[in-house]
1. Just for region A:26-52: of the residues that are surrounded by 13 or more Cβ atoms within 10 Å (Cβ to Cβ) and not aliphatic (A, V, I, L, M), which one is modelled with the lowest pLDDT?
2. Given the options B:L134, B:L204, name the one that is farther than 30 Å from A:I46 by Cβ and part of a helix (DSSP H, G or I).
3. Step by step: first the residues of region B:13-24, then only those that are within 13 Å of chain A (Cβ to nearest Cβ) and buried (at least 17 other Cβ atoms within 10 Å of the Cβ), then the one that is modelled with the lowest pLDDT. Which residue is that?
4. Restricting to region B:43-63, count the residues that are more than 10 Å from chain A (Cβ to nearest Cβ) and polar (S, T, N, Q).
5. Given the criteria surrounded by fewer than 20 Cβ atoms within 10 Å (Cβ to Cβ) and either outside the structural domain of B:L300 (by TED's automatic domain parsing) or touching a residue at least 24 places away in the same chain (Cβ under 8 Å) (or both), does B:L260 qualify?
6. Would you check which residues across region B:69-116 are in a helix (DSSP H, G or I), free of Cβ contacts under 8 Å to residues at least 60 places away in the same chain and among the polar types (S, T, N, Q) and list them?
7. Tell me which residues, restricted to region B:258-290, are more than 15 Å from B:I205 (Cα to Cα) and among the β-branched types (V, I, T).
8. For B:L66, which of the numbered conditions (1) assigned to a helix (DSSP H, G or I); (2) within 14 Å of another protein chain (Cβ to nearest Cβ); (3) crowded, with 21+ Cβ neighbours inside 10 Å fails to hold?
Amino acid sequence: MSRGPKGNEVAPKSLDAVQAERRRKRSLAIAVVLGTLVLIFYVLTIAKLGPQVLNRPL
Amino acid sequence: MTSLSNSFSADVEPQTFAASPGQGEVSDFFALLKPRVMVLVIFTALVGMVVSHVHVQPVVATISLLMIAVGAGASGCLNMWWDADIDAVMTRTAKRPIPDGRIQPGEALAFGLVLSAGSVMILGLAANWLAAGLLAFTIVFYAVIYSMWLKRATPQNIVIGGAAGALPPIIGQAAVSGTVGIESIVLFLIIFIWTPPHFWALALIKAGEYAKAGIPMMPNVAGPVSTRRQILGYSLLLFPIGLAPVALGFGGLLYGITGLLGGLGMIAFSVHVMRNREGEAEKRAALGMFGFSILYLFLLFSALLAEHGLGLFRGVLA
C-alpha cells in the first residue's frame, strides 16, 4: 500500500498481463544494456593498459 | 494523451498521439534507432577505418564502430521525435512507433538524448575526442540542422542534410588514426554527391505524400522535369568522384572496375528516369534508379573493403 495525495492509503495500480510482460522485457533489455556497458568499460580498460599490465616485478 | 508541440509547418495540423507512458515494446525503441541506417553507417565507417591502414586495438575499433552506430541511431531517434507530426501524415512512416501511439514523444526524446550523450562520451574515451566531436557534430547536424530546419524549409534539404549521412567514414578514420585524411574526405564526397539522386528517385514516386505532409522536396517545388535533370547532373558528377580513389592511389583494379561500371550504371539509370515520364514506366524507372543507387554504393565500398581488408589491392596506376 502507498500513500495518496491526501495521505490516505491507495492500493497500487495493477498492470494487466500484457503490460506486465512488456515491462519485464524492457527491464531485461535495460539489464542487458547495463551489463554491456560494464563489459565495454572493463574490456576497454584492459585494452588501453595493454600487455604490459601482465609484467610486474616479482 | 500527449500532444507534440513541435509542428510548425503550415500544411500539417498539430498531432496528438495516444500513448501511455511506459507501454512501448523493446522492439519499438529499437525501431526508433532506424536499424537499416545504422547498418549502412557501420559499413561506411568500417571502410573509413580500413582504408586508413592504421594498426589499432581490435577492441578499441569494435567499440568505436559500435558507438558510431549508436550515435547515428540516436540522431535517427531524435529525428523521429521531431518529425512525428509529418510521419503521421505519410503512409510510409505512419506506422513508426510515435505516430502509431506505441511510444510517447517524451520517451523518444529522452532515449535519443541519453544515447547521443552516451555514444559521444564512450567514443571519446575509447578512441579520441576528435572522433567524438565529429560524432557529436553529426548528431546535431542531422537532428537540428536537417530535421528541425532544412527539411521543412528548402528543396535543397537532402543535398545539405546529406552531409550527416556522409560523415561516418570520416569519423571512422578519425577514430583509428586521430586525424582526417584525404581517403575519408573522398568517401564523404562520394556519399554526399550520391545522396540527391538516391533520394530524389524515391521522392519522384512519393511526391504526393511529401506534398501532403508539407515537405518541400525537389519534385514538389521545382517539378519532376527539373528533378530528373538534376538527378542526371548529380550522376554525371558522381562518375569522376567515384573514380577519385583510383586517381589518388587507394582504389585498386577491383575498385576501378566497380567504380567505372557502377558510375556508368548510375548515368544509364538517370537517362532512363529522364525518358520515362508517365504512368507505370515512370514509377518503374524511378524505383530502378533508387534500387541501383543502393547497389552502387554498396559495391563501391565493398570493393574498398575487399582491397584493403582482405588484401586484394592491385594498383591501377604505376
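The values are calculated or read from the model by the stated rules, or taken from the named source; none is laboratory data. It should be emphasised that the depicted structure is a prediction, and the values quoted were computed from it without experimental measurement. Ideal geometry is used to build each Cβ from the backbone, glycine not excepted, and the neighbour counts take in all protein chains shown.
1. The extreme case among them is A:K48.
2. Details: B:L134 fails: farther than 30 Å from A:I46 by Cβ.
None of the others qualify; the one that does is B:L204.
3. Narrowing region B:13-24 to residues within 13 Å of chain A (Cβ to nearest Cβ): B:19-24.
Checking which are buried (at least 17 other Cβ atoms within 10 Å of the Cβ) leaves us with B:19, B:23-24.
Values: B:A19: 60, B:Q23: 81, B:G24: 88.
Top of the filtered list is B:A19.
4. Residues in region B:43-63 being more than 10 Å from chain A (Cβ to nearest Cβ) and polar (S, T, N, Q): 2 in total.
5. On the way: surrounded by fewer than 20 Cβ atoms within 10 Å (Cβ to Cβ): yes; either outside the structural domain of B:L300 (by TED's automatic domain parsing) or touching a residue at least 24 places away in the same chain (Cβ under 8 Å) (or both): no.
In short, no.
6. Correct list: B:S116 only.
7. Result: B:T258, B:I267, B:V271.
8. Exception for B:L66: condition (3).
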